[in-house]
Amino acid sequence: QVQLVESGGGLVQAGDSLRLSCAASGRTFSGYVMGWFRQAPGKEREFVAAIRWTSGSALYADSVKGRFTISRDKAKNTVYLQLNSLKPEDTAVYYCAAKSGSGTPWSGEYDYWGQGTQVTVSS
């Protein structure tokens, strides 16, 4: 069974940093795209960042460029999202997702999803 488990969320102040982790299991992810999405209360889910498992090529939403960094550790089967210079508007549940690499990384049409981890940024 494919499983994605996020961790690392919490309550922080504006300007602080967090590192989110996504532990992936159940299959090899060669040729897959691993993505991070977030959903704030009352808003639709939005794309944050994505990375190709094999090559490490990354893509970011404009709202997080320069502040967030996505990475993966193949040996640990783990995807990370480093969140720096956090703002209150970054408050959301952050979800890890995975899909085959044929589609657009910023779409929400992923095959597998984690349960989410809450990030709350106070002002």
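The values are calculated or read from the model by the stated rules, or taken from the named source; none is laboratory data. None of these values were measured; they are calculated from a predicted model. All Cβ positions, even for glycine, are placed from backbone atoms using ideal geometry, and neighbour counts span all protein chains on display. Note: areas computed on protein heavy atoms with side chains; ligands, DNA, RNA excluded. Shrake-Rupley method; radii C 1.70, N 1.55, O 1.52, S 1.80 Å.
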Worksheet item: With respect to the numbered conditions (1) in contact with a Gly (Cβ under 7 Å, 6 or more places away or on another chain); (2) in a loop (DSSP other than H, G, I, E, B), which one is the sole condition not fulfilled by C22?
Response: (2)
Discussion item. Can you list residue pairs whose Cβ atoms sit under 8 Å apart, with the first residue in segment 1-22 being on the phi > 0 side of the Ramachandran plot and the second being open to solvent by less than 40 Å² (accessible area, probe 1.4 Å) and not in a strand (DSSP E or B)? Count only pairs 6 or more apart in sequence or on different chains.
Written reply: G15/L86
Item to complete: Could you tell me which numbered condition T28 fails, if it satisfies all but one of (1) open to solvent by 30 Å² or more (accessible area, probe 1.4 Å); (2) part of a strand (DSSP E or B); (3) under 20 Å from W113 (Cβ atoms); (4) of a type in the set (S, T, Y)?
Response: (2)
Discussion item. Show me the strands (runs of 3 or more DSSP E) entirely contained within segment 77-123 in which 1 or more residues are open to solvent by 20 Å² or more (accessible area, probe 1.4 Å) and over 20 Å from V5 (Cβ atoms).
Written reply: 92-100, 117-122
